Structures are given as C-alpha cells and as structure tokens.
1. Among Thr303, Thr195, what's the order by accessible area (1.4 angstrom probe), most exposed first?
2. Could you please report the charge total around Leu287, scoring K, R as +1 and D, E as -1 over all other residues with beta-carbon less than 11 angstrom from its beta-carbon?
3. In the range 34-107, what GluC sites (Glu not before Pro) fall in a loop by DSSP, with at most 13 other Cβ atoms inside 10 Å?
4. Just how much of His282 is accessible, in Å², when a 1.4 Å probe is used and the result is rounded to the nearest 10?
5. By how many nm would the segment from Leu221 to Ala53 grow when fully extended, if each residue of separation counts as 0.36 nm and the alpha-carbon distance is taken off?
6. Write down the accessible area per residue of the range 163-249 in Å², having rolled a 1.4 Å probe over the full set of protein chains.
Amino acid sequence: RTLSSRRRGEVSHPLPGAGAFAGDVVARVHSLGAEGRKRALPALEACCLAACAHWSVGASRLVDAGGVALFVAFLSNELGALRGLAAATLANLICCAQRQDAVLDQLRACDARRPLAALLSSPTARVALHIPSRPFAHLNASSPQQRMRQAAQAQADLRRRERDSYCQAPGCRAAARALNNLMLPHHSIALPPDTFSTTDESAFLSTNEFEFICHHSSGSLRDCAPITLTIDDDEISGRGMDSLGDFSVRGTAKRDSLGAKVLHFSKTYGTEFEARAGRSGHVAHVLWSGAEDEGYFGVWEVTSSDAHFELRRGGPCRLVPLTGDVP
C-alpha cells in the first residue's frame, strides 16, 4: 500500500474476507515510477520465496493479510518482471495446505483466471537470433588462403544469423503454473523465483508414463489422457490416445539459460509414419519441469500457419507422472 504510482488506476478486485477486511478494495496498479519499481521488485520476490515454503507461517500470514487480491492486482502491471513474480507468488500460495481453500476462494472472487490467462503466450512463438558478423573482414587478409578462410567464415556467420529460437512472454511460465495449480490444486507445484532457481542435473523423465491433462484458457477441461514419452539425445517422442483418437508426439528436450528442463513438442493425430513425414503437428506444447517427481506444467495451442506471439486457441496443460501413489 506504500507503493507510489504515476497514475491511479481504476479500483477493482474487492478484497475477500470478513471482519476488518470486509469491504476493502485494492487499486489496480497499471504503472509504477522508478521508486515504486525499486520497492515492488524485492518485496514481491520476498513474498514469492515466503510462499514457496508453503508449510511456513509466512505463507499463511500472506493469505490472512489479504495478499491474494494484491498479487492479482499486480498481474495487470506494465512491468513484465512484476507480473511474473505476482503470478509465481499466487501459484505458491495455492500450495499452502492450511490455507488452500481460502486462497482458491479469493482467486475466484478476484477472477484471477482472466489476468493469468492473458500472460500466456503461444508455444510456437519464436524470435530471430541476430548474431553479428564481419562480411568484409576477408578483404583485409594478407594472403589468399586467409581471405578464403575468412570469406567462408563470413558465409557461415550469415547462415547462423538466420536461425531463430523459441521465446515466451515474461510471466508465461509462472502464469501457466498458477493456472494449473488453480485447476488442479491436488497436483500443485511450488517453485522459487527464477532468479533463485538452481541447475537441476536430474534426468528429464523420472518415468515414461504420464497423465496428460489439458484445460482451455476459460478453465474448462479439454482432455485427460495417458501418454508414454521417451527421450533420446534431446529428442522427445511418444504416443497416446485421447478423445480425438490416437496421436504421436515429437519434439525436443533441452535446458534453458537458467538450467530448467523445458519440453517443446507437437502432437499429431494419425499414425507415427505421418508424424515422421514432416508434418508440423496439430497441437503445439511447451512445458517446464516442476520439482523432482512432480512432472511438467506448461501451455498448449492448436497450431496455425501464421506466425504469432499471443496465445489463441489454447490453455494450460500438465504432465502428471503415473505412479502407484498418484490418483
């Protein structure tokens, strides 16, 4: 409440609860000045860490103090880092067993699903990699052999500059985890902020059998089906069957710049031969790993021929390991 704003936003998100908090409201902060950002970033980071230890007193106090509505308000902030931290904090608060029902009730009262879904981006979103090159460096070479080598290197640099890479919007990962926790609270995942993440050296798959659960961005269930996945030299493949029929999966399993495990794959309906024939797939997915043996969470989207960044026909998805103690 002490954060200064350049502009007072519209009043929204009634603060749920009773007693002294009944009838209170939280102002949606659309923009913050330099001083506001300086205070808000470490404060939200500390809240996310406190909520990550969901068994601690700090997580319960955040809920009891009405922090859920405040974090929902920050989902509309103009700064991507604040949106991501707010979404990550909400995802962690859902894991608080002592206050889970209260957190879920407050999230529904604040209609948190809409601003969280707005943070999701397309799994097929890509960005061009601009690698600097020196196309005329070979002209300064002293010998013909050096000129030939440097000219060949310039051509290789030019080809490398044409490559692209997957790119997700700020807050997409945290929002996907929050939405999955909101829709599947019995499979909720708590993680620290990205800046506190440590490199996970464990294997990508603790098991080959998963329950693949997909929801629409509206919150309704799209499908729930068993799936078998295997990884060989960073290549992921698998097969399963859902309400639309048999499908095969092909993609990549890599680690991002923070060391987190990321799966990029597409789902193609039909035979495995058709998937290997070069089809781009019918449904695209990007999933990030949770803690050990917790599976993966992410975003799915029906593929289209045009390039786009925002999520269109899709929503959150979850890979839950199938073990003897998982319902």
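The values are calculated or read from the model by the stated rules, or taken from the named source; none is laboratory data. Fair warning: this is a prediction, and the values are worked out from it, not measured in the lab. Don't worry about glycine lacking a Cβ; one is built from the backbone with ideal geometry, like all the others, and counts go over all protein chains shown. Side chains are part of the model used for accessible areas, which takes the heavy atoms of the whole protein and leaves out ligands, DNA and RNA. Shrake-Rupley method; radii C 1.70, N 1.55, O 1.52, S 1.80 Å.
1. Details: Thr303 45, Thr195 105 Å².
The ranking, largest first, comes out as Thr195, Thr303.
2. Values: positive: Arg173, Arg177, Lys261, Arg318; negative: none.
Around Leu287, the surrounding residues sum to +4.
3. Values: sites: Glu35, Glu45, Glu78; in loops: Glu78.
Of the GluC sites (Glu not before Pro), the ones in loops of the range 34-107 whose Cβ has at most 13 other Cβ atoms within 10 Å are Glu78.
4. His282 exposes around 70 Å² with every protein chain in place.
5. Working: separation 168, 0.36 × 168 = 60.48 nm, distance 2.92 nm.
Going from the current span to full extension adds 57.6 nm.
6. Working: 4130 Å² over 87 residues.
Averaged over the residues of the range 163-249, the accessible area is 48 Å².
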